[in-house]
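Step one of this worksheet: look at the structure below.
Every read-out reported here was derived from the displayed coordinates using simple, explicitly stated rules and does not represent laboratory data. Note that the structure is a prediction, hence the values are computed from the model and not measured. As a convention, Cβ positions derive from the backbone with ideal geometry for all residues, glycine included, and neighbour counts pool all protein chains shown.
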Ligand SMILES: Cc1cc2nc3c(=O)[nH]c(=O)nc-3n(C[C@H](O)[C@H](O)[C@H](O)COP(=O)(O)O)c2cc1C
Ligand code: SF4
């Protein structure tokens, strides 16, 4: 029987998140002391060598982001935590913030030291009231103890924190749109490049990472890059928090080494299929994710291994469907979600999203065959992927392409 391996979730339910002393008793904030005794470049080197990849969805090297932000010219730099958590089926960041806010603060302070930022922001989903409360308490307590603020642990390093509530839009989780929103503007995307590492918040170099990503940093500093890299797979080192929902007996959050299979996650962790129903499909990575069938059950979960199968790991969301569910209905609800969240700034997405839904409606009215409709969905979403201004308009291609690959007959 495989068991969990917890890094980001290692303190969950082990202390009262309202008590900083409990966190300190568990060895919390020791990694900061260790980090402050090193040069910022050494911290960046450790993160780079650990092989940690961003846990927000894209899987970009966290060490490289640190390096690029560090190399960018600028007297002022920022660290931003993406705590918007808008991807359907994803609830890992909320768990970390509600139950272990200090691990996030610790990871962010170390990252701020690495790139020499004096201000850190947490952009948090506005509905996450409990997470917001816990973080506010944690920041105040850390400030009182001199862990946040001026001259942290007498090192001469200063960093302060601010929490900003999200604007209630899925698109505001996209890093450059988030930055716009953080600056007080409407949540419209910016054209990339420049990337945040070069020109981010208020035009300054900015390191932006997901909650789970930051929560791995203290562990990497404490245990070393080599140890971290020995976990997981060669191209996807470390652990990942998977959030499993749908037709399983024990939906929830599970942190394991990368390389675990979907079958192990469903049957060993989530207790198997509910009511002994047969496994039919899983959606990996949320709405901007991919459908897979039973042929992927034994594929090791990792960025590259799933890519070879035409699938994505994304945020780690896994929505499990039994034979009773309809791929068509699920596709429709995903497309409705995208249409609702489109900001309307560019034509391919503003016009394309309703067009995709129109095709679905025509199938329901028996005006269009399903095979033909799927081909048209693919054609339109490919066009949108090529011509839309930001990643949201480029997203429908992901689920649609995977349906063509795995569920063409069942659509
Ligand atoms: C439409 C859209 C929504 C996104 N929402 C989130 C989100 O809620 N949380 C998140 O961490 N990343 C989200 N991302 C990914 C971010 O743009 C970015 O890749 C992430 O903040 C980088 O952090 P990481 O390197 O630690 O993963 C979203 C991306 C897109 C295109
Ligand atoms: S792709 Fe969609 S969400 Fe992105 S800018 Fe265009 S309309 Fe807005």
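Place the peptides 91-97, 365-371, 345-351, 137-143 in order of packing, highest mean first, counting for every residue the other Cβ atoms within 10 Å and averaging per peptide.
Peptide ranking by packing, descending: 91-97, 137-143, 345-351, 365-371.
Quick check: residue separation of residue 382 and residue 60 times 0.36 nm, minus the Cα distance between them. What number comes out in nm?
Gain on stretching residue 382 to residue 60: 113.6 nm.
In terms of the Cα gyration tensor, with a ≥ b ≥ c the square roots of its eigenvalues, is region 20-230 rounded because a/c is under 1.5, prolate because a/b exceeds b/c, or oblate?
Rounded.
How far apart, in nanometres, would the label points at residue 223 and residue 192 be if each is projected 7 angstrom from Cα along the Cα-to-Cβ direction?
Taking the simple label geometry, residue 223 and residue 192 are separated by 2.9 nm.
With both bridge residues required to lie in region 239-322, what share of the DSSP beta bridges run antiparallel, to the nearest 5%?
So the antiparallel bridges in region 239-322 amount to around 80 percent.
For residue 274 paired with residue 364, estimate the spin-label separation in nm (one decimal), with each label point 7 Å from Cα along the Cα-to-Cβ line.
Each label point is offset 7 Å from its Cα along the Cβ direction, giving 2.3 nm.
If you wrap a convex hull around the Cα atoms of the chain, how much volume per residue is inside, in Å³?
130 Å³
Please sort 285-296, 98-109 by packing, taking for each peptide the average over its residues of neighbouring beta carbons within 10 angstrom, highest first.
Packing order, densest peptide first, comes out as 98-109, 285-296.
Please report, largest first and rounded to whole Å, the three semi-axes of the ellipsoid equivalent to region 302-411, where each semi-axis is the square root of five times an eigenvalue of the C-alpha gyration tensor.
Those come to 21, 20, 13 Å.
When you take every Cα atom in region 239-322, what is the radius of gyration, and what is Dmax, the widest Cα pair distance, in Å?
Considering region 239-322 through its Cα atoms, Rg and Dmax are 11.2, 33 Å.
What is the packing order of peptides 32-40, 243-251, taking the mean over residues of other C-beta atoms within 10 Å and listing the highest first?
In descending order of packing, they fall as 243-251, 32-40.
Please give the helix 370-387 orientation as an angle from the longest Cα principal axis of the chain, in degrees from 0 to 90, rounded to the nearest 10.
Computed tilt is about 40 degrees.
If R₀ is 35 angstrom, what is the calculated FRET efficiency for the pair residue 116 and residue 2, using the beta carbon separation as r and rounding to 0.05?
E(calc), rounded to 0.05, equals 0.30.
What does the extension gain come out to for residue 185 and residue 294, with contour length at 0.36 nm per residue minus their alpha carbon separation?
Once the chain is fully extended between residue 185 and residue 294, it gains 34.8 nm.
Just the number, please: percent antiparallel of the DSSP beta bridges in the chain, rounded to the nearest 5.
In the chain, approximately 50 percent of DSSP beta bridges are antiparallel ones.
Can you tell me which of 74, 184, 156 moves the most in a GNM of the chain? Springs connect C-alpha atoms under 10 Å apart.
Judging by the Gaussian network model, the answer is 156.
Sticking with the crude label model, points 7 Å out along Cα→Cβ, report the distance from residue 410 to residue 371 in nm, one decimal please.
Placing both labels 7 Å beyond Cα along the Cβ direction yields 1.9 nm.
Region 1-29 to region 298-338: how many Å between their Cα centroids?
30 Å
Using R₀ = 45 Å, calculate the FRET efficiency as 1/(1 + (r/R₀)^6) where r is the Cβ-Cβ separation of residue 308 and residue 129; round to 0.05.
0.65
Full extension from residue 234 to residue 202: what is 0.36 nm times the residue separation minus their Cα-Cα distance, to one decimal in nm?
Using 0.36 nm per residue and subtracting the Cα-Cα distance, I get 7.8 nm.
Have a look at the DSSP beta bridges in region 20-230 and tell me what percent are antiparallel, nearest 5.
10 percent
Helix-only estimate, please: 222 nm mean residue ellipticity of the chain, summing -39500 (n - 2.57) across DSSP H runs of length 4 or more and dividing by its residues, to the nearest 500.
Helices in the chain give a 222 nm mean residue ellipticity of -12500 deg cm²/dmol.
What is the Cα centroid distance between region 226-255 and region 98-169, reported in whole angstrom?
Cα centres, region 226-255 to region 98-169: 25 Å.
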